[in-house]
Amino acid sequence: MKTILVINAGSSSLKYQLIDIESEAVLAKGLCERIGIDGKLTYKPTDGEKFSKEAPMPTHQEAIELVLGVLTDEKIGVIKNMEDVAAVGHRVLHGGPNFTASALVTDECIAAIEEVIPLGPLHNPANLMGINACRKAMPNTPQVAVFDTAWGMSMEQKTFQYALPYEVYEKYSVRRYGFHGTSHMFVTGEAIKRLGREGDPDVKVITCHLGNGSSVSCSKGGKCVDTSMGLTPLEGLPMGTRCGSIDPAIVPFLMDKMNLSIKEMDTLMNKKSGMLGISGVSSDFRDLWAAKEAGNERAALALDMFAQGVKRYIGSYAAELNGVDCIVFTAGVGENDQAMRGLIMENMEYLGIDFDFEKNLAAPKGEEIVLSKPGSKVKVMVLPTNEELAIARDTAAIAL
Ligand code: ADP
C-alpha cells in the first residue's frame, strides 16, 4: 500500500491524515494537542474505534513519533510499517513571493520558508516545526510543502499591488497574497470537472470559502485572477471575529481615540470584530441565526453584512472576469448554512443566476449539490472542500 501523510502543524497542535494514494480514501486521522505543555494524542482509523491517550510531547518531534507509532501499531494501526508512507505533505501558511506552487522540502526550501516568517509570524514557525520533526523522524521519506498562498501567485500585478509607495512592495514584499488557496484551488478544479470544461482557458469560476475565516476568489481557466484576502487573512469579508476590509484611516483614528497599542489594535481587528463584534453574541453563524430568531437586531445586522459582503465580491469578480460560469459555495458556512446561501443569492438575476431557493433550503448539509435551476446561465453549486486531499494530490504529484 502507498499512502501520503498530510500534516497541518500549529504551534501547540498537529493535525494529521493518512490518505491512500490509489483510492484517495482517508485511512486514519487525528490530532496531537498541547504539544510543549503535556500532550494528548487522538487517533481515528476510518474503519475502527476512536483512540486517545495522554502522552508527553515536549516538542513536535515526540508528537510525530507517536503518530507514526499508532499508524503502524500491530493492533490498531492501518499500515504495516513506515515504508507504506510514500511521502509527507505539509500545509504551510505563507510562501511569500518565493513560492508559486507546492515544493519538495530541501534545505533551500526550508530557508525560503524561514525568510518569509515576518509575513506569517504565527503559522510559519509552527509549520516549520512540523516539517523538521518529520524530516528527523522519517529521513528517507520525501516531504512536500503546500502553500496556502500559492494559488494567488497567478494574479496580475495590477491586482496584487497595493497603491502604497512602490518601495513598500520592493522592500517588504507587501502585496496581496490571498489565503485559503488550497481550498479555492481544490473546489475550482472540482467545479471545472463537473462542468466538463477541463483544459478550457476561458472557464470562469467564483469560489466562496465561507467559514469562520472567509474569502472569495475568482479564476479563469483554473488560475486565480483575484482573491479577497490580502497580505494577511484580515482583508476582505467580515468574518467570525475579523473585521475584513475597512477604511485604513480608521486604524490610526481608533489607536488615537482609544489609546491602543499596535498589538491591541491588531487584537481588536482580528479577535473582537466581525460577526462577534457586530452582534455581541457569537462568531458562530448557528448562534447568530438563533439570536436573530429571538429578535436580536445586531445579530440580524451581522448576518446581513456578511451576505452583502459576499454579494459585493461576486459582483466585482463577475465584472473582472467579464462574466461567470459557475459559483461555488464551500467550507463550514458555505456547505451547511442554507439560509445564508439564500440571502447571498437574493436579487442576483441580473448576473444570469436562476437560483433554486426551495431546493437550497431543503439541501442536505455538507453535501455536493447543484442549486441553480437547469436553465440558469450561471451554475451555482455546493462543493465540500477537502484541503487534505488537495495536499495529498500535490504531494504525490511532486514527490513520487
Ligand atoms: P474554519 O475557518 O475554522 O476552518 P469552518 O470552515 O469549519 O471554519 O467553518 C466553521 C463555521 O461554520 C462555524 O463558525 C459555523 O458558523 C459554521 N457552521 C458550521 N455548521 C453550520 C451549520 N449547520 N449551520 C450554519 N453554520 C454552520
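The values are calculated or read from the model by the stated rules, or taken from the named source; none is laboratory data. This one's a predicted model, so the numbers in the text were calculated from it and none came from an experiment. Here the Cβ positions follow ideal geometry from the backbone for every residue, glycine too, while neighbour counts run over all protein chains shown. Heavy atoms of the whole protein, side chains included, go into the accessibility calculation; ligands, DNA and RNA do not. Shrake-Rupley method; radii C 1.70, N 1.55, O 1.52, S 1.80 Å.
The table below lists the values:
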item	result
Those residues of region 67-100 which are assigned to a helix (DSSP H, G or I) and not acidic (Asp, Glu), in sequence order	Val67, Leu68, Gly69, Val70, Leu71, Met82, Gly96, Pro97, Asn98
Test for Phe329: is it within 16 Å of the ligand (Cβ to nearest atom), on the phi < 0 side of the Ramachandran plot, touching a strand residue (DSSP E or B) at 6+ places or on another chain (Cβ under 8 Å) and open to solvent by less than 50 Å² (accessible area, probe 1.4 Å)	yes
Yes/no for Arg194 being in contact (Cβ under 8 Å) with a residue 40 or more places away in the chain and open to solvent by 50 Å² or more (accessible area, probe 1.4 Å)	yes
Residue, nearest to the ligand (Cβ to nearest atom), within region 251-263, restricted to residues that are in a helix (DSSP H, G or I) and surrounded by 14 or more Cβ atoms within 10 Å (Cβ to Cβ)	Val251
Selection count, region 212-228, where residues are crowded, with 20+ Cβ neighbours inside 10 Å and within 12 Å of the ligand (Cβ to nearest atom)	3
Residues of region 271-300 that turn out to be more than 11 Å from the ligand (Cβ to nearest atom), open to solvent by less than 60 Å² (accessible area, probe 1.4 Å) and assigned to a loop (DSSP other than H, G, I, E, B), as a count	4
Of residues in region 1-21 being in a loop (DSSP other than H, G, I, E, B) and over 20 Å from the mean Cα position of the chain (by Cα), the one surrounded by the most Cβ atoms within 10 Å (Cβ to Cβ)	Ile21
Of all residues in region 306-315 being among the small types (Gly, Ala, Ser) and without any contact (Cβ under 8 Å) to a residue 40 or more places away in the chain, the one that is farthest from the ligand (Cβ to nearest atom)	Gly315
Residue in region 302-324 that is among the basic types (Lys, Arg) and over 19 Å from Gly178 (Cα atoms) present	no
Cβ pairs under 6 Å, 6+ apart, first in region 349-373 and without any contact (Cβ under 8 Å) to a residue 24 or more places away in the chain, second in a helix (DSSP H, G or I)	Phe357/Gly342; Asn360/Gln338; Asn360/Arg341; Asn360/Gly342; Leu361/Gln338
Residue under evaluation Gly334, criteria (1) closer than 30 Å to Ile278 by Cα; (2) away from the ligand (no atom under 16 Å from the Cβ); (3) surrounded by 14 or more Cβ atoms within 10 Å (Cβ to Cβ), criterion not met	(2)
Selected residue [within 16 Å of the ligand (Cβ to nearest atom), surrounded by fewer than 19 Cβ atoms within 10 Å (Cβ to Cβ), among the hydrophobic types (A, V, I, L, M, F, W, C) and touching a residue at least 40 places away in the same chain (Cβ under 8 Å)] from Leu303, Leu343	Leu343
Output for region 346-367, where each listed residue is buried (at least 16 other Cβ atoms within 10 Å of the Cβ) and among the polar types (S, T, N, Q)	Asn360
Residue list for region 110-155, filter: more than 19 Å from the chain's Cα centre (by Cα) and of a type in the set (Asp, Glu)	Glu114, Glu115
Residue check for Val225: over 27 Å from Ile7 (Cβ atoms), touching a residue at least 40 places away in the same chain (Cβ under 8 Å) and either out of contact with any strand residue (DSSP E or B) (no Cβ under 7 Å at 6 or more places or on another chain) or in a helix (DSSP H, G or I) (or both)	no
Conditions (1) within 19 Å of Ile19 (Cβ to Cβ); (2) out of contact with any helix residue (DSSP H, G or I) (no Cβ under 9 Å at 6 or more places or on another chain); number of the one not met by Asp107	(1)
Total residues in region 199-211, condition more than 11 Å from the ligand (Cβ to nearest atom) and either in contact (Cβ under 8 Å) with a residue 24 or more places away in the chain or under 17 Å from the mean Cα position of the chain (by Cα) (or both)	6
Exclusive hit being surrounded by fewer than 20 Cβ atoms within 10 Å (Cβ to Cβ) and farther than 26 Å from Met153 by Cα, set Gly30, Gly77, Gly69	Gly69
Residue within region 22-30 that is assigned to a loop (DSSP other than H, G, I, E, B), in contact (Cβ under 8 Å) with a residue 40 or more places away in the chain and not aliphatic (A, V, I, L, M) present	yes
